[in-house]
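Everything on this sheet refers to the single structure shown next.
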Amino acid sequence: MPQREFVAFVAALMAVNALGVDLMLPALADIGHQLGIATANHRQWIITAYMLGFGAGQLVYGPLADRFGRKPILLGTLVGFVAASVFAASSQTFGALIGARILQGLMSASTRVLAVAIVRDRFSGRQMARTLSVAQMIFFLVPIMAPSLGQILLAFGPWRFIFYALAAFAAFVLAWSFVRLPETLTLARRTPLSIASLRRGYTLTLTNRYSAGYAVAASMTFGGIIAFVSSAQQIFVDEFHAGSRFTILFAVCAFSMGCASFANSRLVERLGTRLISQTAVLALIALSLAHIAVIAGGIETLWTYMVFQALSMTCIGLCGSNFGAMAMEPVGHIAGTASSIQGFITSVGAVIVGSLIGQSYNGTTYPLAIGYLLIGLGVLAVVYAVEGGKLFHAHNKVPDAGE
């Protein structure tokens with residue numbers, strides 16, 4: 001597969017998950033009304049249930065992909081995602097929909113694990129970070145367009161159309177994978193599936209401070225994204241009464257993350273993952289403090305919120321792919337297993353962080369601003385510990401875990 005097609009494919013693979021989260025945002029109110037969800041904050045579980053399945057599923061796919069190869073696992077789970085999407089479309093109760101969403105998340109977990117593992121099979125270090133950034137730059141166009149696409153689908157039919165659209169897109173990626181994706185894991189690099197190999201992989205991944213530490217840092221920043229996504233419809237529609245502009249306003253915030261990934265892809269090989277990500281964390285803390293002051297001063301408006309949210313998402317975007325690349329660097333020789341464990345830490349941790357912030361929504365943007373401040377401070381503390389108290393310094397190549 002040529003380089004440009006490879007990057008586009010990785011972006012499409014990531015987009016399966018992004019669409020699974022963002023496409024139904026405009027439909028949350030309709031779903032809540034039809035399925036009898038009385039409490040508005042409970043609608044957020046349509047998002048977080050998916051992310052719980054997404055996090056849990058990642059523990060399985062890495063070891064399987066290290067044993068059997070990337071392609072067969074990917075094809076099987078994409079078939080499962082199509083089936084789960086059809087199940088979601090036919091749900092008649094809130095409980096059935098939540099079950100379908102968990103199943104969707106379990107199936108789409110492979111897209112995250114295998115996207116990272118496939119890229120790591122071909123690249124490492126700053127080149128890996130650059131490749132992931134380019135893919136994520138394309139991938140971030142999906143959250144920009146997804147709510148608008150969801151709104152268009154709602155204009156032609158009920159919210160169930162959204163899940164049929166998810167099934168159709170996953171089927172497209174399935175066909176692309178089957179026809180064009182080569183197996184990136186050679187037979188010589190495959191590892192046996194055994195308790196001993198799993199124990200070794202888990203031990204190497206969890207005891208390496210770079211691998212585990214940056215996975216935790218990534219979980220916190222990802223939690224900020226989940227908090228925003230799960231509460232965005234309530235903030236824009238209920239608090240700022242901007243329902244007619246929801247898809248545009250949401251797109252602006254998502255676009256800021258796309259710009260951050262584009263900038264990172266251009267700068268990371270020259271400036272390094274550490275300088276960029278650590279600067280972004282400090283900027284997130286400063287922005288959060290300023291935002292809290294604006295809210296406390298009683299001068300928060302839709303436009304002040306938009307400015308602070310877009311800039312905060314930019315900072316988060318500058319952290320994501322860099323933290324992922326730094327976490328993977330010392331465990332590239334067990335990329336599938338390591339990606340599973342790191343993905344589980346990142347996704348489940350993000351669900352916890354995002355749910356705590358999202359469920360704290362009280363009709364104002366204050367919980368989100370406080371949450372972002374705590375995320376920034378928490379990430380800074382983790383990075384400080386991982387780097388041995390040395391920030392903003394040139395770093396030699398991290399040794400592989402086990403060396």
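Within segment 137-144, identify whether any single residue is at pLDDT 90 or above and assigned to a helix (DSSP H, G or I), and answer yes or no. So far as segment 137-144 goes, no, none of its residues is at pLDDT 90 or above and assigned to a helix (DSSP H, G or I). In segment 327-339, is there at least one residue being surrounded by fewer than 19 Cβ atoms within 10 Å (Cβ to Cβ), polar (S, T, N, Q) and modelled with pLDDT under 90? No. In the set (1) among the hydroxyl-bearing types (Ser, Thr, Tyr); (2) over 30 Å from Trp45 (Cβ atoms); (3) touching a residue at least 12 places away in the same chain (Cβ under 8 Å), the condition left unmet by Thr203 is number (3).
For segment 68-114, a residue qualifies if it is part of a helix (DSSP H, G or I), surrounded by fewer than 24 Cβ atoms within 10 Å (Cβ to Cβ) and of a type in the set (Val, Ile, Thr), and the qualifying residues are Ile73, Val79, Val82, Val86, Ile98, Ile102. Evaluate the following for Thr221: is it closer than 30 Å to Met328 by Cβ and of a type outside the set (A, V, I, L, M)? For Thr221, the condition - closer than 30 Å to Met328 by Cβ and of a type outside the set (A, V, I, L, M) - is met.
When Ala196, Ala212, Ala251, Ala242 are screened for being free of Cβ contacts under 8 Å to residues at least 40 places away in the same chain and farther than 21 Å from Leu356 by Cα, only Ala196 passes. Residues that are in contact (Cβ under 8 Å) with a residue 24 or more places away in the chain and small (Gly, Ala, Ser) were ranked within segment 34-49; the one that is farthest from Leu97 (Cα to Cα) is Ala40.
Within this structure, Ser312 fails the test of being within 23 Å of Val119 (Cβ to Cβ) and of a type in the set (Ser, Thr, Tyr). Counted as qualifying within segment 152-270 are the helices (runs of 4 or more DSSP H) with 2 or more residues that are hydrophobic (A, V, I, L, M, F, W, C) and more than 20 Å from the chain's Cα centre (by Cα), namely 160-180, 195-207. Can you tell me which residue within segment 151-184, out of those that are surrounded by 17 or more Cβ atoms within 10 Å (Cβ to Cβ) and at pLDDT below 90, is nearest to Leu97 (Cα to Cα)? The extreme case among them is Leu181. Inclusion of Ala232 among residues that are on the phi < 0 side of the Ramachandran plot and either among the hydroxyl-bearing types (Ser, Thr, Tyr) or at pLDDT 85 or above (or both) is warranted.
Restricting segment 277-309 to residues that are farther than 20 Å from Leu374 by Cα and of a type in the set (A, V, I, L, M, F, W, C) leaves a set whose member that is surrounded by the most Cβ atoms within 10 Å (Cβ to Cβ) is Leu302.
For segment 2-55, a residue qualifies if it is not small (Gly, Ala, Ser) and not in a helix (DSSP H, G or I), and the qualifying residues are Pro2, Leu23, Met24, Leu35, Ile37, Thr39.
Taken as a whole, the condition of being assigned to a helix (DSSP H, G or I), within 21 Å of Thr247 (Cβ to Cβ), among the polar types (S, T, N, Q) and touching a residue at least 40 places away in the same chain (Cβ under 8 Å) does not apply to Gln58.
Against the numbered list (1) in contact (Cβ under 8 Å) with a residue 24 or more places away in the chain; (2) farther than 16 Å from Phe222 by Cα, Arg266 comes up short only at (1).
The values are calculated or read from the model by the stated rules, or taken from the named source; none is laboratory data. None of these values were measured; they are calculated from a predicted model. Glycine also receives a Cβ, built like all others from the backbone with ideal geometry; neighbour counts cover every protein chain displayed.
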